[in-house]
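Worksheet for the structure shown next.
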Amino acid sequence: MAPTKYHRFRAGERCDECGARQWYSQDAIRYCRNGHRLEGFAEHDADEDAFGTQGKVSRKKKEPKKKVAVKLTGDDGRELYLEILQLVLMRQVRWLVREKGFPEDFEEIVRALWALRVRNLPLRESGEGRRRRRGDGGEGEDGYASSAALFSSQSEGESSGPDLSDATTATWAPDSSRRWKLPKLVDTLALCYLGCLVRRLPATTADFCGWAQRGEIDFLAALHGIPRNARDRLPAEYHRALQVRDHIPPGRLQAAVQELVISYKINFDTIFPPLNYVPIIARFITELALPIETYLTIKCISEILKADYSYPTGGKRIRTMDNPEVLLISLVVVAVKLLYSLDGVVQPPQSHGDPRSLKIDWTRWQQVIQDDTAETTGLRRGEEYKVTPEHVLMMDKEKLDDFMGWFEKMWIGDGDPKTADRIREPFEGQKRPSNLNYTEGNLNEDVENQRIKNRYEAMNNSMKVLEPVPDLEDPENERTEKQPQDFCPAWKSQEDLPGAAKTLYSKAADLAAIPLNTLIRGASQVERQIEVWCIQKAKRERDKGKGKAVWTGDNSDN
């Protein structure tokens, strides 16, 4: 006979009769160790009558687990970052060729510049853990080089590029003891601009800033256009590098271009050709609704300065006026100051052929320039970042639709769909046009030409012709007292600018996409060079009158 198997009661339980703490089971009935029957327990098998009597079972739905991409680190992360920059650059180049009519070989030029830019970076060979030595070039299947290297994790919006003020070459040149750093997002626009220099295309940095601000070229929202799988695997520091502000600070692209020009010279002894400046000057003059005589004065001043409109690549000092685009717009404002008085002091012409015979009504000029913006009803493209919360409260429906369309295009990506839905929800009942009705971006060439024509018609009706006043000054009398009209005012700061001059300087600085202080400094340097030239010319004439040998600086017979 098998021994009886005893079980222990659960904690706190015992037999009610004898207090035993053990029990055994017999014929489906439970007894304590001393044989007392325990009530309330009977073993049995469940039959079919008990089927379905347990009630409804509810189970908590499990939330689908999101697959978290593994963040790349080290060399892999840097390699992915450069591949993303390469993708952005490729999109920019193809947009320029397709939409702006750039020549077909423009892509080949930018591709070569990109290959040089990443040439000195430590590159990884495909499918192997070895790294290329510095100086070995390598290109992917699309012709662009793959790359990886050192990089400053400071975001594009936080970067404080050097102003176009006086600086030494050493501050621009890369540190000789370190490798050339990884390019930043703004360098993609700078490379496209350098391609324009090589191809002699009359595009300016202001053009690229305008295309980027209006969202036409891939830049501000470049991070949202990157494939999701690549963006999820990108390290955080490179995410910050691809995030930009809502606009490009004035002078930021100019500084990036200048840095690349000097770096190409130092690293590869590459020199870029000068600007194709004639169309650019003509565009500056027409956009500011200035007389065409301004161009002739600019040509004379440029000959005095012996300007070649190329980017500086050496020397101990880089002045503000050494930047060719800053020099161009500085020449425009200086020529206007010399021809048409901005301070109210009339400079009478000496003959009917004198370009100063025309007098500009600067009050009327300010009205004509500002009427283009005052008559618009929509929001001007490229200026959405200037909108403040106070402006939003005062906006009409059309401008608010434009602003929300720009905000959705630029800043709502596919990274967090739930957040995007919550932002869109209050506006789902409203129908907005698919093509945003922006004012300036949709102007075609004919409308733009008509706008400039209307400006000149309005200015021509307000211009006056001055009678010439012959110069009665005795050239042999050096002590002749100078009159106020013989001097040109020199303005060193914004506070010094009178009303019309401040409007002209501000519009010119916006046209060139540079800070106002940079333009004031560049114009002052140009004026100083003209002053030095005048002093030297007067000295040569005095020496020539005294019979001294004078070196004219050329081999002419004069």
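Readers should treat all values here as calculations from the given coordinates under stated rules, not as data from a laboratory. Just so you know, these numbers come straight off a predicted model, no measurement behind them. Note that each Cβ is placed from the backbone with ideal geometry, even for glycine, and that neighbours are counted across all protein chains shown.
Using the structure shown, list the pairs from Lys386/Lys409; Lys265/Lys316; Lys399/Lys502 with a Cα-Cα distance above 20 Å, or answer none.
On the way: Lys386/Lys409 17 Å; Lys265/Lys316 15 Å; Lys399/Lys502 28 Å.
Over 20 Å apart, Cα to Cα: Lys399/Lys502.
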* Asked: Reachable lysines from Lys60, Cα under 28 Å, same-chain residues fewer than 8 places away excluded?
  -> Lys418
* Links that overshoot a 28 Å alpha carbon limit, given the list Lys359/Lys539; Lys100/Lys464; Lys306/Lys464; Lys306/Lys539 -> Lys359/Lys539; Lys100/Lys464; Lys306/Lys464
* **Cα centroid separation, the range 299-345 to the range 58-119 (Å)** => 39
* So if we plug the beta-carbon distance of Ser462 and Asp496 into 1/(1 + (r/R0)^6) with R0 = 22 Å, what FRET efficiency do we get, rounded to 0.05? -> 0.25
* Asked: Each label point is 7 Å from the Cα along the Cα-to-Cβ direction; what then is the distance between the points at Arg14 and Asp232, in nm?
  -> 6.3
* Asked: Out of the range 262-347, which trypsin sites (Lys or Arg not before Pro) are coil in DSSP terms and have no more than 14 other C-beta atoms within 10 Å?
  -> Lys306, Lys316, Arg317
* **Burial ordering of Ser493, Ser341, fewest other beta-carbon atoms within 10 Å first** => Ser493, Ser341
* **Cα-projected label distance for Lys65 with Lys453, points at 7 Å along beta-carbon direction, nm** => 6.9
* Return Ile262, Ile248 ranked ascending by Cβ neighbour count within 10 Å, so the fewest neighbours appear first. => Ile262, Ile248
* How do Tyr309, Tyr24 line up, fewest other C-beta atoms within 10 Å first? -> Tyr24, Tyr309
* **Potential extension, Asp396-His7 segment - 0.36 nm per residue separation minus Cα distance** => 131.6 nm
